[in-house]
1. What ranking do 192-198, 104-110, 146-152 get when scored by the average of other Cβ atoms within 10 Å per residue, highest first?
2. How high is the relative contact order of the stretch 1-159? Use alpha-carbon pairs under 8 Å, at least six apart in sequence, and give a whole percent.
3. Give me the percent relative contact order of the chain, please, defined on Cα pairs under 8 angstrom at least 6 residues apart.
4. Starting from the Cα of ILE199, move 7 Å in the Cα-to-Cβ direction to define the label point; list residues of the stretch 222-251 whose amide nitrogen is under 12 Å from there.
5. Output wanted: per-residue J couplings in Hz (rounded whole) for the stretch 175-190, from phi through Karplus 6.51 cos²θ - 1.76 cosθ + 1.60, θ = phi - 60°, x for Gly and Pro.
6. How big is the charge dipole of the chain about its Cα centre, in debye rounded to the nearest 20, if each Lys and Arg gets +1 on its Cβ and each Asp and Glu gets -1 on its Cβ?
7. Could you estimate the translational diffusion coefficient of the chain from the Stokes-Einstein equation, with Rh from the Kirkwood formula over C-alpha pairs, at 37 °C and 0.692 mPa s, in whole µm²/s?
8. Sorted by average packing, counted as other Cβ atoms within 10 angstrom per residue and highest first, what order do 35-41, 220-226, 202-208 take?
Amino acid sequence: MHGTDAPEGRALEVFAPAKINLTLHVTGQRADGYHLLDSLVVFADVGDRLRLTPGEGLALRVTGPLAAGVPEDARNLVWKAAELAGWRGRIELEKHLPHGGGIGGGSSDAGAFLRAVGWRESTVSLGADVPVCRLGQAARMSGIGDQITPAEDVMSFFAVLVNPNVHIATPKVFQSLVAKTNPPMPPLPAAGAGGSVWIEWLTTQRNDLQDAAQEVAPVIGDVCVALDETDEVLLTRMSGSGATCFGLYPSAKAAHAAAETLSQQHPDWWCVPTVLN
Ligand code: C5P
């Protein structure tokens, strides 16, 4: 715990949902090394919780089931977000999402924080996923992650998120990437498109980081196979730079059953049923 015992303002409760890349296309690379992306991003109903109490100084305390190893100082992205916004006070962060897992653990905390304090300036300096996480709603993300177009017509999906307790360094995945100039996403399905249209469309899309991530962490292949083998699964893919993968299902019942099965088969994996969007 860092900071001071300051006179306190009213506390603000903030939800920081898991970020899922339904697609993640790498379409090029800039001269500075950053990659150009084209990604359809949605948010889950599972996530971290923040409690912000304005005051003097800056203090961060991390609790919750996945708090182990999460820094409580300036190494934490939410601390960096507070510094960027010039915000002062106490941040209590309850971790439910694995960090370094491709579902925006740290980026979502930072994005939710910046949304809550009304920060409207650029946030990409904190990381490529922070701008979309500040929006916190389904969006198409392009550029290096700095161009965000809200995608209101994305349908909701029942899903299971699975992380094999592996933290992957994003730069390592980008460095292992073989093909850096891939086709962008075609237009999204039209407003009102049904589940079968969406699944068909998603099946023809990709996560261009998946092979490279699997090279770094072969267990990702095991996760996808395990998801593929669950009853009624419609689509299996990795999110972000991994290692979290998701499966999509036709009903909440099917998603819950799949999560239950996977938890029994792999008690050491993080398996969570959720609704995306
Ligand atoms: O922005 P973020 O901190 O998530 O990025 C981590 C690393 O991933 C960057 O330092 C860079 O090596 C790589 N990256 C990239 N192109 C992007 C986003 C990230 O090459 N658009």
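1. Sorting 192-198, 104-110, 146-152 by mean packing, highest first, produces 104-110, 146-152, 192-198.
2. Relative contact order for the stretch 1-159 comes out at 25 percent.
3. 22
4. 231-236, 248-251
5. 5, 7, 5, 8, 9, 10, 10, 10, x, x, 6, x, x, 6, x, 5
6. That gives a dipole near 580 debye.
7. Rounded to a whole number, D works out at 173 µm²/s.
8. Those peptides, ordered most packed to least, come out 35-41, 220-226, 202-208.
Throughout, read-outs are computed from the coordinates displayed, never taken from laboratory work. Predicted model only: the values in this text are computed from it and were never measured. Cβ coordinates were reconstructed from backbone atoms using ideal geometry, including for glycine residues, and neighbour counts include every protein chain displayed.
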